[in-house]
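Following: one structure in structure tokens, then a few remarks.
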Amino acid sequence: MKPTMLTSLLLAAGLACCSAFATAGTAAADSTLVQDVRVFDGKAAHEHRSVLVRDGMIVDADYRAQPPAGSRVVSGAGRTLLPGLIDAHVHAFQHFELPLVFGVTTEVDMFTAVPTMQKITRAMAEGRNRDQADVFSAGTLVTAPGGHGTEYPIAIPTLENGGDAQAFVDARIAEGSHFIKVVMEEGLGSRQFKSLDAATVKAVIDAAHRRGKLAVVHITTLANARAALEAGADGLAHLFPGARIAQEDADGLAQLAASKGAFVIPTFSVLESMAGVKPRGILDDPAITGLLDKEERATLEAGYRPVPAPALMTAPKTVAAALRKAGARVLAGTDAGNAGTQYGASLHHELAQLVEAGFTPREALVAATSAPADSFRLGKRGRIANGYKADLVLVEGDPLQDIAATRRIVEVWKDGESAAALREQQRQHVAQDAAPKPAQALPLEGRISLLKDGRLASPFGIGWIPSTDQFAGGVSSVKLDAQPDPRGGQAGAVIAVAATVKPGFFYPWAGAAFMPGTQSMQGADLSRAKVIRFRVRGDGQQYQLTMASRGMTIPRGVSFEAGAQWREVAIPFDAFAGVDPAAVTMIGFNAGPQPGDYRFEIADVRLLDR
Ligand SMILES: [Zn+2]
């Protein structure tokens with residue numbers, strides 16, 4: 001989703017899409033009155049209230065007089081007004097406008113790149129993020145060398161067991177971390193991680209507390225959950241998957257959390273992804289899917305386990321119910337940013353999952369409003385009360401009876417400003433994205449490696465680009481050179497690739513890529529092509545022809561050899577299992593993952609219908 005670009009396009013075209021909202025007075029009115037509405041104030045429900053908003057604040061949560069002159073009046077009949085929802089566990093690195101579209105006005109980020117965190121914090125301080133959710137971030141998480149968190153394509157500092165926890169925590173605070181996130185995880189099955197030990201975790205928690213900061217611990221087992229709470233953790237960032245758990249173990253953990261005053265964020269949404277369970281409730285709800293483009297929806301439909309194992313949800317559901325019984329604080333968090341989740345949308349699923357685990361709808365709503373605001377010390381938000389931030393969601397019906405009503409959003413306000421135009425813009429973007437587009441016609445003789453004015457060119461799409469792991473944080477490099485094919489005529493270009501592959505990313509690569517779409521993430525419909533054929537020669541090493549389609553994070557590859565003599569290679573499209581030929585985003589000719597210098601040339605690259 002690129003709302004900024006879309007906005008400027010709409011403005012440039014002079015389209016009137018947003019004028020309906022302008023005349024409705026969202027910008028002009030100096031106050032907004034939501035009249036005769038059911039109010040859930042973050043704790044309890046009140047019938048037939050009117051709420052007055054001015055200057056980004058709730059000035060009267062129980063307004064009884066005539067509408068003030070010049071105010072915009074919004075009917076609340078049959079509707080419920082909620083505090084803007086808070087997702088207590090996300091990874092904020094993309095789709096920054098999406099949360100607001102779904103009524104999530106605040107996110108608690110559990111690990112993102114430091115520059116991203118600092119940019120968001122600055123924008124919040126200057127009031128420049130009114131069209132985005134506020135984000136309170138842990139910044140860099142605290143993990144051991146080789147620990148969970150180091151497998152992603154951003155380089156992060158790590159803490160040795162027994163290392164200087166205070167210095168490490170102070171460095172995070174200096175970077176701007178709102179709170180401290182610590183990782184305790186040994187990994188599962190073949191995916192093993194080095195973990196911080198309990199003593200170091202305690203040292204980190206103590207160091208955070210010494211500076212007045214919260215410390216939240218990522219755990220994936222019962223033993224680590226107990227150890228983290230014993231070490232003084234303010235909260236657990238997850239519950240853990242498991243096909244069974246003894247009731248006394250669940251009760252014991254819940255009582256420990258309650259006695260320590262700690263909060264727990266179950267993150268059912270990501271645990272389901274790990275269990276191969278799809279969030280059917282929201283995937284089948286047009287109120288949600290009507291606001292997700294194909295790529296955004298593909299992420300929500302993806303998951304970490306191809307074969308469903310729904311039994312793995314037994315332990316988290318049992319523990320969540322035990323936490324409720326023990327009176328421990330539970331917060332709604334999705335772990336959005338992961339496969340199987342989507343920013344904003346997944347919080348509505350998380351609320352439904354809390355209800356399925358035995359929470360009343362009111363308790364679930366507390367978990368997504370006042371409880372996270374209080375637990376993470378987020379200031380005057382998460383409540384509908386005088387003097388609080390006017391982050392609000394108006395929904396049809398009564399989510400206190402039917403939690404799914406949170407999805408039937410009428411309007412969202414952030415800092416008192418309506419997000420109606422943003423939501424409408426997203427709706428139009430999704431409609432445009434869903435409209436069928438004709439398949440890409442194959443070019444003359446199928447050839448996509450052309451030479452124009454001495455430069456590498458293509459008959460359609462973004463064209464040819466140098467492609468390396470640098471954009472994912474690696475340090476490999478590549479140089480492309482295009483020369484006329486000595487065979488002349490229409491033969492096009494010979495592309496010489498000089499690549500240096502270096503370690504520094506978990507799957508290093510460097511090479512040349514053809515981007516067939518006019519927008520890189522959207523791709524192109526290449527379903528008319530059945531085979532890709534090209535000529536190659538080189539240094540005798542192995543190379544990969546890779547292909548990816550929309551929503552795919554790791555491309556599929558087929559290897560080929562580049563010997564001293566020119567040779568023709570033909571690879572059928574169906575060799576790239578899982579790639580959707582109707583939405584191809586990239587075709588790559590890559591060296592790697594073994595480090596080293598590579599030299600090869602490709603020529604006469606063709607997409608052929610047989
Ligand atoms: Zn997470």
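The values are calculated or read from the model by the stated rules, or taken from the named source; none is laboratory data. Bear in mind the structure is a predicted one, so any value in this text is a computation, not a measurement. Cβ sites come from the backbone with ideal geometry, for glycine too, and all protein chains shown count toward neighbours. With ligands, DNA and RNA removed, areas are computed over all heavy atoms of the protein, side chains included. Shrake-Rupley method; radii C 1.70, N 1.55, O 1.52, S 1.80 Å.
Here are the numbers for this structure:
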| read-out | value |
| --- | --- |
| Theoretical FRET efficiency, 1/(1+(r/R0)^6), r = Cβ-Cβ of Glu230 and Ile154, R0 45 Å, to 0.05 | 0.90 |
| Assigned charges on the beta-carbon of Lys, Arg, Asp, Glu; the chain dipole about Cα centre (debye) | 480 |
| Heavy-atom accessible area per residue - the chain, 1.4 Å, Å² | 41 |
| Percent carbon-and-sulfur accessible area, segment 522-610, ignoring ligands, DNA and RNA, probe 1.4 Å | 46 |
| Full-extension gain in nm, Arg487 to Ala44, via 0.36 nm per residue minus C-alpha separation | 151.6 nm |
| Calculated FRET efficiency for the pair Asp284/Arg455, C-beta based, R₀ 56 Å, to 0.05 | 0.70 |
| Carbon plus sulfur fraction of accessible area for segment 223-276, probe 1.4 Å, in percent | 46 |
| Cα-based shape type of segment 23-90, given that a ≥ b ≥ c are square roots of the gyration tensor eigenvalues and the cut on a/c is 1.5 | oblate |
| Glu445-Gln541 FRET efficiency (beta carbon distance; Förster radius 41 Å; 0.05 resolution) | 0.90 |
| Inter-site label distance for Gln94 and Ala577 at 7 Å from Cα along Cβ, in nm | 2.4 |
| HN-Hα J in Hz across segment 526-536 - Karplus 6.51, -1.76, 1.60, θ = phi - 60°, x for Gly and Pro | 9, 5, 6, 8, 10, 9, 10, 10, 7, 9, 8 |
| Magnitude of the charge dipole, segment 410-458, Cβ model with Lys/Arg +1 and Asp/Glu -1, debye to 20 | 320 |
| Net lengthening on full extension, Val307/Met57 (0.36 nm per residue, minus Cα-Cα) | 85.2 nm |
| For segment 87-158 and segment 169-219, distance of Cα centres in Å | 16 |
| Span per principal axis, largest first, for the Cα atoms of segment 147-253 (Å) | 42, 30, 23 |
| Amide H contacts of Ser549 (H built 1.01 Å from N, under 5 Å, at least 5 apart or other chain) | Asp580, Thr585 |
| Average projected area [Cα convex hull, the chain], square nanometres | 29.0 |
| Global geometry of segment 565-610, whether rounded, prolate or oblate, following the gyration tensor of its Cα atoms and the 1.5 cut on a/c | oblate |
| Low-density loop positions, trypsin sites (Lys or Arg not before Pro), segment 27-117 - DSSP coil, at most 12 other Cβ in 10 Å | Arg64 |
| Loop sites in segment 80-148: GluC sites (Glu not before Pro), DSSP, at most 14 other Cβ within 10 Å | Glu126 |
| Directionally averaged projected area (convex hull, Cα atoms, segment 365-482), nm² | 14.5 |
| Carbon/sulfur fraction of accessible area - segment 50-175, other protein chains in place, 1.4 Å, % | 53 |
| In segment 205-305, the GluC sites (Glu not before Pro) that fall in loop regions by DSSP, at most 16 other Cβ within 10 Å | none |
| 222 nm mean residue ellipticity, helices alone, for the chain (DSSP H n ≥ 4; -39,500 (n - 2.57); rounded to 500) | -7000 deg cm²/dmol |
| Straight-distance crosslink candidates among lysines, where the alpha carbon sits under 18 Å from Lys202 and sequence neighbours closer than 8 are dropped | Lys181, Lys194, Lys213, Lys260 |
| Two-site label geometry, Arg377 and Ala174: point separation in nm, points 7 Å out along Cα→Cβ | 2.1 |
| Hz values of 3J(HN,Hα) by residue in segment 569-578 - Karplus curve (6.51, -1.76, 1.60), Gly and Pro given as x | 10, 10, 10, x, 4, 6, 6, 9, 4, x |
| Approximate spin-label separation Glu561-Glu356, in nm, with each point projected 7 Å along Cα-to-Cβ | 5.2 |
| Relative contact order %, the chain, counting alpha carbon pairs below 8 Å whose residues are six or more apart | 13 |
| Entries in Lys294/Lys437; Lys119/Lys502; Lys119/Lys389; Lys43/Lys389 that, when Cα-Cα distance is taken, lie over 25 Å | Lys119/Lys502 |
| Whether segment 323-400 is rounded, prolate or oblate, judged on the alpha carbon gyration tensor where a/c under 1.5 counts as rounded | rounded |
| Positive dipole terminus of the chain, leading residue within Gly290, Pro115, Val569 (C-beta point charges) | Val569 |
